[in-house]
Amino acid sequence: MSTPLYRVRATKNLVAQVLAVLAALFGIFWLVWIMWTTLRMGVSSLNAALFTEMTPPPGAEGGGMLNAFFGSALMSMLGIVLGAPIGVLAGTYLAEYSSKSWLGETVRFVNDILLSAPSIVLGLFVYTLVVAQMGHFSALAGGIALAFIVLPVVVRTTDEMLRLVPSQMREAALSLGVPQWKVTLQVLYRSALPGIVTGILLALARISGETAPLLFSALNNQYWTTNVLSPMANVPVVIFQYAMSPFDNWHSLAWAGAFVLTLFVLVISLLARAIVLRNKMTHD
Amino acid sequence: MNAIAPTVPDDARDRADIRTDNHFRWLVTSAGVFVLVSLAAAALSMLWGGREAFQKFGIGFLWSDQWDAVQQQFGALVPIYGTLVTATIAMLIAVPISFGIAFFLTEIAPKWLRTPVGAAIELLAGIPSIIYGMWGLFVLVPVLAEHVYPWVDANFGQLPVIGKLFSGPPLGLGMGTAGLVLAIMVIPFVSSVMREVFLTVPGRLKESAYALGSTRWEVVWDVVLPYTRSAVIGGIFLGLGRALGETMAVTFVLGNAHSLTMSLLEPGNSIAATIANEFTEADSDMYRSSLIALGFVLFIVTFIVLSIARLMLRRLNKREGN
């Protein structure tokens with residue numbers, strides 16, 4: 001039975017499997033460590049003032065991140081409002097109107113590249129496009145920078161979700177004489193809606209933690225402002241500046257912000273997943 | 001049975017529908033073209049923003065190691081070197097680990113464990129990079145500085161040839177740390193792509209191999225991997241694209257030092273970290289222009305890497321008949 005060849009193969013197999021289990025443990029080890037640190041440091045620095053007070057000046061005690069939370073919420077909304085509609089339309093073009101044309105293939109290819117392009121590059125792009133022209137940093141520029149990150153995510157998911165809609169539905173509607181735009185708006189969008197919403201949620205999860213593009217567009221602001229044409233505080237940039245500072249109070253605020261941010265991103269991603277799952281179940 | 005009166009073609013309504021159809025087609029096509037334009041505009045705007053630097057320093061910008069805001073002399077060598085070194089370290093760690101994770105999740109782990117662990121890894125890929133950076137700075141750097149780097153310096157620092165890589169003051173900040181943090185960030189990405197493409201291998205291929213008495217390792221190495229090779233390479237390049245362009249995770253732990261050093265233990269700089277650290281402090285047009293020129297270089301490099309990734313990933317899709 002156990003010829004030398006067999007033994008060599010069995011040993012190789014065993015070694016490979018042990019290494020694979022170790023690799024999985026190695027990966028999980030770091031991720032658990034990071035999550036644990038965020039949880040521990042975040043919860044210990046969490047308090048009500050975080051959500052009710054403004055960012056403190058250097059060296060001062062106390063304070064919160066109210067203005068930063070507001071700024072992040074506003075700029076994320078701006079990013080979604082500017083980016084998602086164009087993304088849905090472009091995704092519709094890819095799924096319904098481009099059918100193997102060279103233009104469609106090129107758009108899909110470029111969109112995939114935009115999807116994983118470094119966000120710092122998009123930040124510099126918006127800097128030269130908006131900030132340099134206006135002459136100052138602004139929340140509007142921040143929203144535009146985020147919109148360029150939202151765009152490819154929404155294009156991709158809309159494209160995929162529309163292509164999942166069975167072609168019988170299109171054909172049935174078209175054979176009744178319904179014009180194509182009406183088929184798209186009233187049949188396809190209705191059927192693909194959960195998928196499109198998922199895409200928008202994933203985009204929201206992605207932009208809420210983006211730091212680099214906001215460094216060159218919205219920058220930061222120690223004070224409360226609702227003026228979209230002025231620099232505005234936002235959670236990621238505040239975390240960045242506070243974490244890099246030498247002040248203990250700023251460090252603990254940065255941890256609290258990081259904890260809230262991580263929690264938010266995880267909840268949104270789970271929500272997106274739940275929508276997909278529920279939709280799958282009702283369809284099966 | 002009442003016969004339905006033959007419908008008279010409603011010309012006005014048909015024409016309105018056709019008009020709306022054309023408008024809608026035009027609308028969605030221009031949205032599609034907008035995607036193309038935005039990528040081209042991003043490239044051109046950075047070329048435009050960096051024009052002063054490119055005009056003054058020419059192509060030598062790429063291999064000059066000067067970075068002097070006072071003398072207005074800028075060169076990209078140190079950041080480019082740092083970006084390449086940190087990304088290489090990250091991929092050297094992340095690729096084998098990710099392959100192991102994908103192997104574990106598709107062949108070894110019990111069924112009930114596969115979905116939750118796979119989902120957890122995908123969720124972790126979505127954690128903002130600034131969290132990785134903060135953890136790196138406050139938790140990993142002190143641990144490495146106190147416990148790991150002194151040991152590395154003492155044991156490997158004197159070796160011939162490679163000794164230079166592992167010697168230096170154990171600050172904790174540096175290229176090695178940045179590479180490690182990048183690897184931790186990239187692992188969820190690469191492993192979830194690998195897991196996904198491994199799952200596309202038709203069951204009958206694997207079952208045939210098992211039926212012939214193959215071990216799990218032989219199935220993965222000789223059946224699954226050859227079948228998915230192009231997509232696996234695509235996934236690796238996707239991870240590389242992320243490692244090259246990652247900003248926040250690296251900025252925290254790289255040390256922001258403009259010096260060319262062999263040692264992985266010493267602080268360095270990368271393209272993204274240089275831009276993030278210095279952009280808001282850039283006080284002259286030439287300084288700012290040089291930083292945007294750096295961004296342009298990063299854009300071109302990642303564009304090439306990501307194009308390769310997408311072409312490789314697409315090949316598997318074609319084979320599946322999508």
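Which order do A:Leu122, B:Leu47, A:Leu263 fall in if you start with the one that has the fewest other Cβ atoms within 10 Å? Present the calculation step by step, with values, prior to reporting the outcome.
On the way: A:Leu122 28, B:Leu47 16, A:Leu263 13.
Listing A:Leu122, B:Leu47, A:Leu263 from fewest to most nearby Cβ atoms yields A:Leu263, B:Leu47, A:Leu122.
Using the number of other C-beta atoms within 10 angstrom as an exposure proxy, rank A:Leu266, B:Leu62 with the fewest first. Intermediate values should be presented prior to the final figure.
On the way: A:Leu266 16, B:Leu62 13.
Ranking A:Leu266, B:Leu62 by Cβ neighbours within 10 Å, fewest first, gives B:Leu62, A:Leu266.
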Next on the checklist: Restricted to Cα positions, what overall size does segment B:121-227 have along the principal axes? Three whole-Å values, descending.
Outcome noted: 55, 38, 18
Checklist entry - For chain B, what's the radius of gyration and Dmax over Cα atoms, in angstrom? => result 26.0, 101
Checklist entry - If only Cα atoms are counted, what is the Rg of segment A:58-152, and what is its Dmax, in Å? => result 17.1, 61
Checklist entry - In whole Å, what are the Cα extents of segment A:136-284 along the three principal axes, biggest one first? => result 68, 34, 21
Checklist outcome for this item: From DSSP H assignment alone, runs of 4+ in the protein assembly as shown each adding -39500 (n - 2.57), the sum over residues rounded to the nearest 500 puts [θ] at 222 nm at -23000 deg cm²/dmol
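With the radius of gyration and the Kirkwood radius both derived from the Cα set of the protein assembly as shown, what is their ratio Rg to Rh?
On the way: Rg = 26.2 Å, Rh = 26.0 Å.
Checking Rg against Rh, the ratio lands at 1.00.
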Checklist entry - What is the mean number of Cβ atoms from other protein chains located within 10 Å of the Cβ atom of each residue in peptide A:200-208, rounded to a whole number? => result 1
Item to check | Under the span-like rule (Cα at least 20 Å along the axis, Kyte-Doolittle mean at least -1.0), DSSP H helices of chain A | outcome: A:4-45, A:66-92, A:102-116, A:139-164, A:189-208, A:248-283
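At a threshold of 8 angstrom on Cα-Cα distance, excluding pairs fewer than six apart, so keeping six or more, what relative contact order does chain A reach in percent? Walk me through the intermediate numbers first.
On the way: 380 pairs, mean separation 74.1, N = 284.
Relative contact order of chain A: 26 percent.
Going by how many other beta carbons lie within 10 Å of each one, how would you line up B:Val117, A:Val8, A:Val154, B:Val250, fewest first?
Final ranking by Cβ density, sparse to dense: A:Val8, B:Val117, A:Val154, B:Val250.
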Checklist outcome for this item: Beyond 29 Å, the calculated P(r) of chain A holds a percent of Cα-Cα pairs equal to 49
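Could you sort the peptides B:50-58, B:270-278, A:67-75 by per-residue average Cβ neighbour count (10 Å cutoff), highest mean leading?
Values: B:50-58: 16.8, B:270-278: 26.1, A:67-75: 23.0.
Highest mean packing first, the order is B:270-278, A:67-75, B:50-58.
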Item to check | Charge-dipole axis of chain B as Lys and Arg at +1 and Asp and Glu at -1 on Cβ define it, positive-most pick from B:Gly176, B:Gln158, B:Ala211 | outcome: B:Ala211
Checklist outcome for this item: Taking every residue of B:137-146, the Cβ atoms of other protein chains inside 10 Å of its Cβ average out to 2
Checklist entry - Expressed in whole Å with the largest first, what are the equivalent ellipsoid semi-axes of segment B:195-321 derived from the C-alpha gyration tensor as the square root of 5 times each eigenvalue? => result 43, 17, 9
Checklist outcome for this item: Long-range amide H partners of B:Gln73, meaning residues 5 or more apart or on another chain whose placed amide H is closer than 5 Å, are B:Asp68
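Which value, in nm² and rounded to one decimal, describes the direction-averaged projected area of the C-alpha convex hull of segment A:1-132?
Working: hull surface 71.3 nm².
Averaged projected hull area, Cα only: 17.8 nm².
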Item to check | Relative contact order (%) - segment B:17-114, alpha-carbon pairs under 8 angstrom, separation at least six | outcome: 12
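Can you give me the span-like helices of chain B, meaning DSSP H runs with 15 Å or more of Cα extent along the axis and Kyte-Doolittle mean at or above 0.0?
Details: long enough: B:11-49 (54 Å, 0.39); B:77-103 (38 Å, 1.96); B:111-124 (21 Å, 0.59); B:175-199 (35 Å, 1.74); B:225-245 (30 Å, 0.92); B:285-320 (52 Å, 0.87).
Span-like helices here: B:11-49, B:77-103, B:111-124, B:175-199, B:225-245, B:285-320.
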Item to check | Sequence-separation-based contact order of segment B:214-280, relative, with Cα cut under 8 Å and 6+ spacing, percent | outcome: 25
Checklist entry - Measuring from the lowest to the highest alpha carbon on each principal axis, how far does segment A:96-204 reach, largest first, in angstroms? => result 55, 28, 22
Checklist entry - What does a probe at A:Trp33 reach in segment B:113-138, counting residues whose amide N is under 12 Å from the point 7 Å along Cα→Cβ? => result B:135-138
Checklist outcome for this item: Inter-chain shielding metric for B:99-105, i.e. average beta-carbon neighbours from other chains within 10 angstrom, reads 6
Checklist entry - Where does the Debye-calculated log10 I(q)/I(0) of segment B:19-165 sit at q = 0.14, 0.18, 0.21 Å⁻¹, using only Cα point scatterers of equal weight, no solvent? => result -1.14, -1.20, -1.27
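All of the numbers you see were taken from the coordinates with simple rules; none came from a lab. As the structure is a prediction and not an experimental result, all values here were calculated from the model. Cβ sites come from the backbone with ideal geometry, for glycine too, and all protein chains shown count toward neighbours.
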